[in-house]
1. Within the range 61-72, is there a residue that is surrounded by 13 or more Cβ atoms within 10 Å (Cβ to Cβ), touching a residue at least 60 places away in the same chain (Cβ under 8 Å) and under 15 Å from the mean Cα position of the chain (by Cα)?
2. Give the residue that is farthest from the chain's Cα centre (by Cα), with candidates limited to residues of the range 41-60 that are surrounded by fewer than 18 Cβ atoms within 10 Å (Cβ to Cβ) and at positive phi.
3. Within the range 16-32, can you find the residues that are farther than 18 Å from residue 76 by Cα and loosely packed, with under 12 Cβ neighbours inside 10 Å?
4. Checking the structure you have, find out if any residue of the range 26-41 is touching a residue at least 12 places away in the same chain (Cβ under 8 Å) and out of contact with any strand residue (DSSP E or B) (no Cβ under 9 Å at 6 or more places or on another chain).
């Protein structure tokens, strides 16, 4: 495989992985982490209220809802808590999966072309 094909394959895999990771924020789930959503709980209505936090990202959640700062129960990159380490892990996982899939397709395609050239000669 030539160097240009290898670099373009890696570049395309990285762009695809970043795109998949950013789109995975729409995979939302709640909890088990708790966050403070108010301060009118308890018998005296003076204790903090805790609820499970909304988070987005797959397979590792990297965006967490920040109540009081943003619209509650909605995720936004500008307003909510972004965990960069989890985002990098998601990108790495998606990159490995996309690159592996591309290599498998490329391998089967080249094997098929070689089989055709052998049968035609």
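1. no
2. Restricting to residues being surrounded by fewer than 18 Cβ atoms within 10 Å (Cβ to Cβ) and at positive phi, the top hit is 45.
3. 32
4. No, the range 26-41 contains no residue that is touching a residue at least 12 places away in the same chain (Cβ under 8 Å) and out of contact with any strand residue (DSSP E or B) (no Cβ under 9 Å at 6 or more places or on another chain).
Throughout, read-outs are computed from the coordinates displayed, never taken from laboratory work. Computed from a prediction, not measured in an experiment: that's the story for all the values here. Positions of Cβ are backbone-derived with ideal geometry, glycine not excepted, and every protein chain shown enters the neighbour counts.
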